[in-house]
Every structure is written in C-alpha cells, then in structure tokens.
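First comes the structure, then the notes that go with it.
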Amino acid sequence: MYLSVFYPGVDVFTCLHASLTLLGNLRNYTTCSMAKTQKSKPSTASGTTKPEVPGITALNEEPTATPAKTSNSQFASILVMLKATYLILVIGLTQHASQRALIPLYGTATVSQHFERLFVVAMCLSLVLPTTTQLEGTLWNVLTGVLCLAPYSAYNIGSWTARWHNGILGPILAQLPMAVPVAIAASLIIRINFLNFLQISHESRIARILIFLSTSAWVQMSSGFIGTVVSRKPPYVPYSDCGIFFVTGASSLFMSAALLLASSGEHLWGHFSAPYPAGGSPTATKPGSSTIGLKAAGLVLNFALLYTSQSNRPCNIPQYPYISGGRGEVKVLASANSVTGRIVVAENLRDGFRYLRCDHSILGGVWLGEDKIAAISSTQNNIVPAGGVDYNGTRLGDSIYSAFVLQDALRLFLRTDGSSTSTAGQSALVIGLGMGVMARSLTEIGITPTILEIDPIVHAFAQTFFALPRQPNLEGFTTKYLLDPLTPQTHFGDARDYMETRVRSLGTGLSSMKEIMKYDYIVHDCFSGGMVPAHLFTKEFWSTTKKLMKDDGILAVNFAGHVTSNASRAILATLEDSFSKCRVFHDVLRFKDNPDDDSFMEKDVVNLVFFCTQSPHMRLSLREPRNTDYLDSRLRQHIFKSLTRMEVPRGRITGPGASLEPDSNQRYLLTDARNPLNDWQTGVALEHWKLMRSVLSDEMWEAY
C-alpha cells in the first residue's frame, strides 16, 4: 500500500491526479458504450424518452464534443485534489495524534494493539454509507467538531475507560469519538467531491469502490510519511497531540466557514436574480435560509468546542507546581512533551515519594520525608541522604524500585586484576538514564559515567529533581566519539548509533590507545512501559558492546518480564552466545515472610538483571560487600547482603530439559535479521499496564 516505497518520488498529489484520470476515463468509457447502445436501438415512437442509465448523470444519443472550458476544468481539478490532499493529511495526522493522546493513559503497546483493526473497520464503513451532494456541509461540520474536541474527549473518555483496568476494550472505546468519525467523514467528503467533479452518480458502486481503494492507499502513504517525520532524529521535533488537533481543527473550521460563505453567496445570488412573478415576490431558491442558519450555528458551536478543548486539560495546564484534581493526592512539579513522549515529574503526597514518568511508564522514584528516607546513618546534621539533595534543597531517600540498586551490584564481582574494591581510574557506560540512580551511585563511588540517553528532557529533569550530578555539555564537540571515558559526559540519541560510531572512530587507533578508551562497566537499562527496544538486544549489538568493554569488564542488563517467558530465554541465550559467562538475579525483596517462596518466578512480572563478562578467566564470583559500598542506603545494604538468595537458576529460564535438546538455544538467538522480541513482549506489556494500574492510583496516571 505504501506506493512511495515501491515507486520513489511518487507523492500524494500525483496519485490523486492519476486517480481522477482513471475515474474520468471510466466515466467516458461507460458514457460512450451506453450511448452507442442507445443509438443502435430503433425508436418505437417519436415521443419515446431515453432510458436512464444508473451511474451516469446525462447521456446524449451520440457523444458529442462539448465546448472546452479548459481553464475552469483545470481549476476545478486542482481544487478537488487540494481538498482531497488536505483531508488525507488530516486522516494521517489524526491516526498519529489520537494514539499519542491516549498513550499517557494506556501505554504505546496497549493503544496500538488493535488500532489498525479499528481504523480498517472505520474505512470500510465509509464504503457502505450513502452520500449526496448536499451532505458535504454537514460532514465538514462533523469533522470539524470532532477535531476541535479531540484532546478534551481523549483525556476525559480515556481517563474514564482506563479506570476499568481493561487494556483491550478501553483504548477502543476511547478512539470511537476521535479517529473513527474523522476517517469516515473525511473519506465521504473525498468521495462526494470526486463524484461531483466527474459528474458520476452517487449510486455508482464501481466508482465508490475505486474511490475507496484509492483513498485507502493515499491514507497509508500519508500515515507512513507522518510517522517518518515525527520520528526523525536528529533534530527532534516534539509534535504534541494538542498542537496537531489545534492545527487540523482550526484549518477544518476555516474550510467549513469557506463552504458556508459559498453556500450563502449562492443563496443570495439566487434570491436577488430570481424573476419576480406578477404577485411581486421572488420565486423559491434552491438553498433554504434555515439550512444556512443551521450550518452557521454548527460553525459557532465548533469554534466554542475548539476554545473549550484548548482551554482545559491536557492542552492547558496550570502553572507548575500544581495539585491535581480529584482527591489532591498528586503534586505535579514539571511536565513536558519530548522525544519519547510526555515526561512528568510529580509527587505522591499520600504515600510520600517523587517519581519520574514517561507516558504510562514510571522511570523511577525516590522516597520523601525523614521517616521514609531510611538511611543507615542519621540524615540530620547536614549528612547527605541516600538519594541526595535536589535543586531546591529537598532531601531524597532511596529508590522506590529495587532493580536500579540491584544493577549497582556489578561492583561486587571479582575481576581478573583484583580491582573490584578499587574504583580509581574506572569508567562506566550507562545506556538509559532513567532518573539517574546508577549514574549518581557510580559518581559517588568514584567511577566516571558516560551517559547515553535518547531523551534530553529526561536528563534535564534527572538533574533538577533527582540530584543527578551535572556534567559539562559536550554535544557540540566534533570529536565526541573519541572522548576519554574518564571525562564525565552525556550524549543524546540512539545508543546503538553512538556505540557503533565510537567503535568505527577508534578502529584506526593504536591497540594501547583503544584499550584506554574502553569501559570497565556497561549498564544497559532501556525497559519502559512493558517493552524494551529490540534492536538493543541482538547478537550484533552485543558484538559492538564487547568492543567497548575491557576484557575483564562487567555488563549489567535489566529486563522485566516472566522468568519462564520466550523473551527472557531469548535474552539469556543471546547473551550466553555473545559472552563467556552470565549470571541472572531477580529484584524481588523477601524479608521475614516466606523467605524461600519463589513461586513468583512462574506467575509474576519481575525485573531480571543479567551480569556478563567476555573474559574466559572470570568466574563472576561475588565478594563480600563493605560498608562503603552501601552509600548510606538501607535498600542497597539489604540487596547486597541478599544477592546469593536472589540468583535465578539458569534452568528456571531455559526449562529443565533445555540442556538435553541439541542446539536448543539456537532457536532463541536474537539477530538483526530475526528478532521476534517485540512480538513476545506484547502480552507482557498489557500485563505490566494492568499491574501498574493496580499498584498506583488512577489520579497519578491522570496527572500529566
């Protein structure tokens, strides 16, 4: 369906012109064929009328040449094509914006799961619905009203349906007042304009089908083009759903006004130019004043809808910080639309923690208040608490998630040079920043981090609200791929692009220089919203990763899912195929209640951290933690002391009989050519959404 893929350089306007030509040829062919048929039939009476032919507005006995009105015909053709192009772009933009509007409430995987099917149903409805010329004005009003109200309806209906905790039915119902009516109304308007221009009857089934197929192809092209534009990087252009709906709604409002003026002008012209009969009053005109009045009322109503939608949440947000509505449990400190979605920093006032959020995914959080900071030593007398101090002097406690602290255990593995207890001159590559727990702890312990983060707003909020140490901005350096790892630095963009470019840049250097430019540790944490970027888990990516690691370096990879899932097994199989040795640990905290119960591995979604090394001489043995390792964190102390009980046996992931199957792991290897990781994660993403909805309050998810 994407014609531009198979025919480069073919644009929507060209396709529209080709479709008009095709329909015109169809009409001319049908007209001539039917005219010849009528000519061959003898008349039985001089007054016999010619039979009407369905699908043709008027037929002469012979197709005779009409006076050419080239300029008018070309102008009308261009006008129809421009109108159709606009409507196709509106459909494509609505496809993107309507999903974008619901993602903060449902998450990407949940919203997109059935959207394509729903959209296909909407397009098919436009095929069977009847049209008339007089219906165009009403359809424009409907289209305009839906676009103007879309952000407001998406937020309120989406919030209402999300409270049902049904990740399948909720997004579908929330899309019904948005993408569905836009697709139907715009498709019908395109059909009306084509049929009117070509003077084909609205009852013609062949013409209706041809227009439907053409419109579907154009919409596919438009959606592909828009998807490419909004995801282009760099530079990043954060297109907000409110902005898209405002532009499409306002422009559609203008089109409705233009149609109303044209209809009013036709009405007035007919009124004053009509002949006066003997009675002294003009004859009836085609368009009625009541119809024009209704259209004008609809125009005013749509303007009010646009104003209402843009003046309320989520388009119009109070000045930060503000307390959310409802029970007032959430205090929003900052929010911005960015590369990866809506980034929010807020505080749960009831439970006492601050969190960083991207759409429907919690990137991290810290406890607030002296009673929850839970430091090993007293946090009074100017002692910095475990989570540091933010820009405003607020004291921050431990992470609300144990997975971030579990990753920090990579410092406890014994290396071949015995340097596990000395951090002098060590460096780490941090892939995926989150709120910066790992980057901050590495800095505190004396390890220099290089941060790779795709979203600049996430990095800015981590510095401002989560005490991430500030680093010099080195993005403008042309030699940024050759910077010494012992120089604190942050790079924005896709991690794989940066790592592959750095490997190529170092490829021509001396072997001793390349060794200095490698990292002691690499932390890989890209989990968000129940999904991970699949291209960062392939064998080719791990090959690049190894080239940036020292021979005895340690890799830590975070993944959330079921222990026994295909995704977990595939990640383990690919890592074991790429590295010499790996060990896996879970983040489930088990205190006094049922310390030996591991049934959660079979049924729950848990965080798994894979620790790997490429050195064949390392056994990945753990040393005993020291007090200096804890960084005054009780959570870190508990996890470090419990590591041996948190290890996941390899057989729990691969299955008990996996070692007996020949080449059992080969079926699970992830490569650039074969990577089903996204498909395997879809079910987990929906389960993760339900889990987060049950753990955190609805008000937290609705405050953004």
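FYI, it's all coordinate maths here, none of it is from the lab. Every value quoted in this text rests on a predicted model; they were computed, and no experiment measured them. All Cβ positions, glycine included, derive from the backbone under ideal geometry; neighbour counts span all protein chains shown.
Taking other Cβ within 10 Å of each residue's Cβ, how do Asp494, Asp241 sort, fewest first? List each step's numbers first, then the result.
Numbers: Asp494 15, Asp241 27.
In increasing order of surrounding Cβ atoms, one gets Asp494, Asp241.
Here r is the Cβ-Cβ distance between Asn392 and Phe75 and R0 is 51 Å; the resulting FRET efficiency, rounded to 0.05, is 0.25. Going from the fewest other Cβ atoms within 10 Å to the most, the residues Tyr704, Tyr481, Tyr307, Tyr106 appear in the order Tyr307, Tyr481, Tyr704, Tyr106. With both labels modelled 7 Å from their Cα along Cα-to-Cβ, the Asp679 to Asn312 distance reads 4.3 nm. Ordering 539-552, 454-467 by mean Cβ neighbour count within 10 Å, with the highest value first, yields 454-467, 539-552. The ranking of Trp689, Trp680 by Cβ neighbour count inside 10 Å, starting from the fewest, reads Trp680, Trp689.
Can you bin segment 114-181 into rounded, prolate or oblate? Criterion: square roots of the alpha carbon gyration tensor eigenvalues sorted a ≥ b ≥ c, rounded for a/c under 1.5, prolate for a/b above b/c, oblate for the rest. Note, shape of segment 114-181 comes out oblate. Treating r as the C-beta distance of Leu169 and Arg645 and R0 as 30 Å, the FRET efficiency rounds to 0.15.
Between the beta carbons of Leu691 and Thr479, assuming R0 = 35 Å, the FRET efficiency works out to 0.20 to the nearest 0.05. Shape call for segment 166-235 from the C-alpha gyration tensor, a ≥ b ≥ c root eigenvalues: rounded (a/c under 1.5), prolate (a/b greater than b/c) or oblate? The shape class here is oblate. For the residue pairs Lys372/Lys641; Lys546/Lys581; Lys480/Lys547; Lys581/Lys690; Lys480/Lys581, the C-alpha atoms sit more than 23 angstrom apart in Lys581/Lys690; Lys480/Lys581.
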